[in-house]
1. With the condition kept exactly as written, say whether any residue in region 61-70 is closer than 19 Å to Lys133 by Cβ and among the aromatic types (Phe, Trp, Tyr).
2. Check His77 against each of (1) more than 12 Å from the chain's Cα centre (by Cα); (2) touching a residue at least 12 places away in the same chain (Cβ under 8 Å) and name the one condition it does not meet.
3. Can you find a residue that is of a type in the set (A, V, I, L, M, F, W, C) and farther than 21 Å from Phe129 by Cα anywhere in region 37-59?
4. For region 51-63, check the following and say yes or no: at least one residue is touching an Asp or Glu at 6+ places or on another chain (Cβ under 7 Å), hydrophobic (A, V, I, L, M, F, W, C) and over 25 Å from Ser121 (Cα atoms).
5. When you go through Thr51, Thr59 one by one, which is the residue that is touching a residue at least 40 places away in the same chain (Cβ under 8 Å) and of a type in the set (S, T, N, Q)?
6. How many residues does region 28-64 hold that are in contact with a Leu (Cβ under 6 Å, 6 or more places away or on another chain) and farther than 15 Å from Thr18 by Cβ?
7. Given the options Ser20, Ser66, name the one that is at pLDDT 95 or above, hydroxyl-bearing (Ser, Thr, Tyr), buried (at least 17 other Cβ atoms within 10 Å of the Cβ) and on the phi < 0 side of the Ramachandran plot.
8. Return yes or no: is Ser66 hydroxyl-bearing (Ser, Thr, Tyr) and closer than 23 Å to Val12 by Cβ?
Amino acid sequence: MIKKVDHIGIAVKSLDKTLSFYTEVLRLELLGIEEVESEKVKVAFLKAGETKLELLEPTAEDSPISKFIEKRGEGIHHVALGVESIQERIDEIKSKGIKMIQDQPKTGAGGALVAFMHPKSTGGVLYEFCEKKGMNKEHG
């Protein structure tokens with residue numbers, strides 16, 4: 001069912017102020033930066049071995065990431081699990097009593113299909129299903 005941990009989302013106030021820690025101190029490779037207008041967020045992906053880190057900077061005060069930072073501060077926001085057949089995974093998880101934030105996948109960063117499980121159903125952790133087009137056993 002789960003192929004891998006695709007990425008770990010980390011909420012930050014500013015990519016400009018935070019990126020140097022990841023690229024210069026930790027020496028992680030910056031894979032790219034993009035804005036996801038529908039979520040009011042700018043994201044930077046960094047390669048950390050087989051997993052990526054996704055830094056999430058809010059672009060508006062009413063952004064979900066802005067609200068998260070206001071409530072909890074900067075830090076780990078979500079864990080994304082790479083899957084195939086995301087709608088089947090959503091339906092399966094719901095049949096096991098897990099509440100989803102999205103019942104249908106939506107398009108996220110990099111064109112991936114994504115859907116989040118409600119943290120009240122998962123022991124307080126926000127998990128994301130992430131299906132990438134062309135995902136195979138080695139690359140995603």
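1. No - not one qualifying residue is present in region 61-70.
2. (1)
3. Kept after step one, since they are of a type in the set (A, V, I, L, M, F, W, C), are these residues of region 37-59: 41, 43-46, 48, 53, 55-56.
Checking which are farther than 21 Å from Phe129 by Cα leaves us with none.
Looking through region 37-59, none of the residues is of a type in the set (A, V, I, L, M, F, W, C) and farther than 21 Å from Phe129 by Cα.
4. No, that holds for no residue.
5. Details: Thr59 fails: touching a residue at least 40 places away in the same chain (Cβ under 8 Å).
Exactly one residue qualifies, and that residue is Thr51.
6. Counting residues in region 28-64 that are in contact with a Leu (Cβ under 6 Å, 6 or more places away or on another chain) and farther than 15 Å from Thr18 by Cβ gives 1.
7. Ser66
8. yes
The values are calculated or read from the model by the stated rules, or taken from the named source; none is laboratory data. Model, not experiment: these values are computed from the prediction. In this analysis, Cβ positions are derived from the backbone assuming ideal geometry, glycine residues included, and neighbour counts consider all displayed protein chains.
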